[in-house]
Amino acid sequence: MAAGGPEAKRAVQVVAHRQDGTDWFGSGYLVTGDLVITAQHVVGDADDVTIRFIDAPGRVRSERGKRVWAHTDIDLAVVRLYAAMPGTTPVQYGRLFTEAECEAVGYPWFKLRGEDAQADAAHPGKYRDSHHARATSTPLSNTRSGTLELAVAATPSRHPDPERSAWEGMSGAAVFADGALIAVLTDNFPEEGPGLLAARPVEHWYMLPPDRLSELHELIGVPDADRLIQVSAQTPPWPDRPRQLPARRPFVGREKSSANCSACWRRARCQRPQRVPASRPSWGCRASARQHW
């Protein structure tokens, strides 16, 4: 792991207590002494959030926090802890230009474990263990959406429910490359299978309106764009990332089957990412094929 990469004690599980009474689960990362970043679709409308730290094997600590910043277009949220963590070093933010080895730590569904008193005597019952994902970025992919595609080295089995992802619970995990935080995991597209993940790169944050970007700078220390760590200083051989944030549209379903290929292409284009880490107690929202993870 590169110096300054993900630290196990700062990679947290996020439990968002939503206003409808349900709890949604995701991952996050402690970027300052009292601030955790995660995916906005994990937190949703929750103001009250529980952040779970693993201090050592069998030692789980829960801290309460409050959502203090969120933006749907970049799928990012910031949670402030009521109790700060002293001695937390600043995170370095970066931008990826070429293929690189990446890593992220989170709490996906496929790490769900049964009751084991030795795992955490204070919190018996089922729990999700941490997963250290290693992946290779594929920078020529997803140039239209501007998301970062990650080809994971170890692929889990598919979820037995075709409407859910085995990666649920991983959304919100911070992605690092060469010691710099470069993205936040957000999506797993069902047609791409469990071997490919998508993340929102840090460079998307600079498309925010100036006042919202200024808020993010004050909260988590995001530097000016020209001060991002360049994971590779090479000029990118692929088109520039889009200068406009991709629109988020509700799931619109699939068109009826058709004999011609153009209709098939249109159907494939309508399919939405499987998001399932903001899992409900029933382990998934089954309202549509677009789910939170």
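The values are calculated or read from the model by the stated rules, or taken from the named source; none is laboratory data. Keep in mind that what you see is a predicted model, and the values were worked out from it rather than measured. All Cβ positions, glycine included, derive from the backbone under ideal geometry; neighbour counts span all protein chains shown.
The table below lists the values:
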item	result
Positions within segment 1-16 being surrounded by fewer than 24 Cβ atoms within 10 Å (Cβ to Cβ) and either among the acidic types (Asp, Glu) or modelled with pLDDT of 95 or more (or both), in sequence order	Glu7, Arg10, Ala11, Val15
Lone qualifier among Thr186, Thr147, Thr138, Thr143 - being more than 23 Å from Ala8 (Cα to Cα), of a type in the set (S, T, N, Q) and in contact with a Ser or Thr (Cβ under 9 Å, 6 or more places away or on another chain)	Thr147
Selected residue (criterion: surrounded by the most Cβ atoms within 10 Å (Cβ to Cβ)) from residues of segment 205-232 that are within 12 Å of Tyr93 (Cα to Cα) and touching a His at 6+ places or on another chain (Cβ under 9 Å)	Trp205
Pairs with Cβ under 7 Å, 6+ apart, first in segment 186-197 and in contact (Cβ under 8 Å) with a residue 60 or more places away in the chain and under 25 Å from Gly44 (Cα atoms), second in a loop (DSSP other than H, G, I, E, B) and among the aromatic types (Phe, Trp, Tyr)	Asn188/Trp167; Asn188/Trp293; Leu197/Trp167
Contacts under 6 angstrom Cβ, first residue in segment 207-220 being under 13 Å from Leu35 (Cα atoms) and of a type in the set (Ser, Thr, Tyr), partner modelled with pLDDT under 95 and assigned to a helix (DSSP H, G or I), 6 or more apart	none
Residue that is surrounded by the most Cβ atoms within 10 Å (Cβ to Cβ), among those in segment 27-48 that are touching a Leu at 6+ places or on another chain (Cβ under 9 Å) and of a type in the set (A, V, I, L, M)	Ala39
Selection within segment 212-248 - farther than 18 Å from Gly146 by Cα and modelled with pLDDT under 50	Ala233, Gln234
Subset of segment 67-88 (residues that are assigned to a loop (DSSP other than H, G, I, E, B) and touching a residue at least 60 places away in the same chain (Cβ under 8 Å))	Thr72, Asp73, Ile74, Asp75, Thr88
